[in-house]
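S.K.: Here you go, one structure.
The values are calculated or read from the model by the stated rules, or taken from the named source; none is laboratory data. Values in this document were obtained by computation on a predicted structure and should not be read as measured data. Cβ placement follows ideal geometry from the backbone for every residue including glycine, while neighbour counts extend to all protein chains displayed. Keep in mind that these areas ignore ligands, DNA and RNA; they rest on the heavy atoms of the full protein, side chains included. Shrake-Rupley method; radii C 1.70, N 1.55, O 1.52, S 1.80 Å.
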Amino acid sequence: MRQGIRRIIDPMPAAPIYLDHNATAPILPEVADAMREASLRYRGNPASQHDAGRQARRALEQARLRIAEMLGVRTTGMDADQLIFTSGGTESNNLALHGLQRAGASPPPADPHLLISAIEHPSIARPAEHLAATSAATLQTLGIDAHGLIRLDELTPLLTPATRVASIMLASNETGVIQPIAAAAEICRRHGTPLHTDATQAVGKIPVDFQALGVDALTATAHKFHGPLGVGILLLRHGVKLEPALFGGFQQAALRPGTESAPLAIGMQTALELWQREATDRRARMTALRDQFEQTLLAGWPAAVVIGGQAPRLPHTSNIALVGLNRQALVMALDLAGVACSSGSACASGSSEPSPTLLAMGLPEALVSSSVRFSLGATTTPAEIDEAARRILNVCNNLRRAG
Ligand SMILES: Cc1ncc(COP(=O)(O)O)c(C=O)c1O
């Protein structure tokens, strides 16, 4: 297929254009510099009692505090929340789901339930299925409307006294649609169900305030906002019980044992500080670029549809159905044309299955089979957007001619 596609497109253009920031947003130089300095400076194990260890501990705890403050976490007093460092979004999601499900009232109800939305990332959907299968729990799924928004009116009837945990993402990695999580949290609180939100795609893109959202637990990961790969966090509201998924040392109150990394924590802190410093500008710039990009594609390919375009969306995510074309052929041809994009979640890519998110929205097959996700980053320029749109339309026309 690749060979065939190679014949019908331009020779490889000089500069590749990266529009797959939802898969990973490349580390910014300032972040890499801060991590390099921290790696050389903090050489001890933060759990060690000697001076080198204590220095690393101080740096680590300072980074923990700064990240917590920037995300609206309560950091002082008897009712302070917790920030647990993990290896990334997948681990935080697994820890939240397993940990909240297992920590519920004891003895567990005869027929325990857990609830997730129909558009969760595989790092929530798969552990939820695993939990249901191994703990004889009933897995319930909250539906999605055609705009990509959760059906909030269906939440109350789905919650029962046996629902031990609910997990609903804050913003979709595929469509960028932002969910009404504060309203969902209010409903869950009334029913006594702990609510976790996967905010992996929202943190560092839109303001996220843990306290204001009212959730019990929240996942974020640094590499989605130009921080380092390999570090994530789970925020945990004061008083919420969580069972660990790993067992070992006493680090992080034994909720996530293992040697903590000051350089990774400092990298995450630096990336979040850079976002916070430029937040208003970055959002405005990305929204303008995304809108310009979508308008050019819609003008050049009139059958195109912006998926989730009628709902509140992340500023940098554009999921477009280039109706009449095949999404996998498009992604491959665009790669050869020097535009990096994706046909869905990076964790599911390589799979030829249609996107569960788009299916959950009830979209027609013509949209599901032709949808491609483009995601912008802090360094994306207007010139790149113009050139990417030109290359995309060129590829679309060539694919159509090739038939
Ligand atoms: C919504 C969402 N949750 C979780 C993850 C997993 O994060 P990580 O790659 O840090 O494990 C991703 C990554 O694609 C994501 O988009």
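S.K.: Give me the one-decimal nm value for the distance between modelled label points at A47 and D386, 7 Å along each residue's Cα-to-Cβ direction.
M.R.: Calculated label separation equals 5.6 nm.
S.K.: For the pair D33 and E278, what calculated FRET efficiency results from E = 1/(1 + (r/R0)^6), where r is the Cβ-Cβ distance and R0 = 22 Å, to the nearest 0.05?
M.R.: Efficiency, rounded to the nearest 0.05: 0.80.
S.K.: Calculated from DSSP H runs of 4 or more alone, at -39500 (n - 2.57) each and per residue, what is the 222 nm mean residue ellipticity of the chain, nearest 500?
M.R.: -13000 deg cm²/dmol
S.K.: Treat every Asp and Glu Cβ in the chain as -1 and every Lys and Arg Cβ as +1, leave all other atoms uncharged, and give the resulting dipole magnitude about the Cα centre to the nearest 20 debye.
M.R.: In total the dipole reaches around 480 debye.
S.K.: Using a 10 angstrom cutoff on alpha carbons, build the Gaussian network for the chain and name the most mobile of S167, S106, S39.
M.R.: S106
S.K.: Here is a further query. Convert each backbone phi in region 206-223 into a coupling constant with the Karplus relation 6.51 cos²θ - 1.76 cosθ + 1.60 (shift: θ = phi - 60°), then list the ³J(HN,Hα) values in order as whole Hz, x for Gly and Pro.
M.R.: Values, residue by residue: 9, x, 10, 10, 4, 5, 5, 5, x, 7, 8, 8, 8, 9, 8, 9, 5, 6 Hz.
S.K.: Please arrange F250, F210 by accessible surface area, largest first, computed with a 1.4 Å probe and ligands excluded.
M.R.: Ranked from most to least accessible, the order is F250, F210.
S.K.: Then there's this: Let me cross-check C396: its accessible surface, 1.4 Å probe, with only protein heavy atoms counted, in Å² to the nearest 10?
M.R.: Number for this one is 0 Å².
S.K.: Give me the net charge of Q55's neighbourhood, meaning all other residues with Cβ under 12 Å from the Cβ of Q55; Lys, Arg count +1, Asp, Glu -1.
M.R.: Every neighbour counted, the sum reads +3.
S.K.: Separate question: Skipping prolines and chain starts, which residues have an amide H placed within reach, meaning under 5 Å, of the one on V165, given they are 5 or more residues away or on another chain?
M.R.: Residues meeting the amide H criterion: L115.
S.K.: Efficiency by 1/(1 + (r/R0)^6): what FRET value for E186 and R401, r their Cβ-Cβ distance, R0 = 60 Å, to the nearest 0.05? Intermediate results must be reported in sequence, preceding the final value.
M.R.: Details: r = 53 Å, r/R0 = 0.89.
After rounding, the FRET efficiency stands at 0.65.
S.K.: Show me, for region 73-88, the HN-Hα J-couplings you get by feeding each phi into the Karplus relation (A = 6.51, B = -1.76, C = 1.60, θ = phi - 60°), rounded to Hz, glycine and proline as x.
M.R.: Taking θ as phi minus 60°, the curve returns 8, 6, 10, 10, x, 5, 10, 5, 7, 10, 10, 9, 7, 9, 8, x Hz for region 73-88.
S.K.: Something else about it: Once the dipole of region 29-272 is set up with Lys and Arg at +1 and Asp and Glu at -1 on Cβ about the Cα centre, which of A265, V231, S48 lies farthest towards its positive end?
M.R.: S48
S.K.: Pairs of alpha-carbon atoms within less than 8 angstrom and 6+ residues apart define the contacts here; what relative contact order does region 248-342 have, in percent?
M.R.: Working: 54 pairs, mean separation 15.6, N = 95.
Value for region 248-342: 16 percent.
S.K.: Oh, and also: Whole-Hz Karplus ³J(HN,Hα) for region 383-395, in order, using 6.51 cos²θ - 1.76 cosθ + 1.60 and θ = phi - 60°, x for Gly and Pro?
M.R.: Ordered by residue, 3J(HN,Hα) equals 5, 5, 5, 4, 5, 4, 4, 4, 5, 5, 5, 4, 4 Hz.
S.K.: Classify the chain as rounded, prolate or oblate from the Cα gyration tensor: take a ≥ b ≥ c as the square roots of its eigenvalues, call it rounded if a/c is under 1.5, otherwise prolate when a/b beats b/c and oblate if not.
M.R.: oblate
S.K.: If packing is taken as the average count of other Cβ atoms within 10 Å, what order do 46-54, 385-393 fall into, highest mean first?
M.R.: Put in order of decreasing packing, that is 385-393, 46-54.
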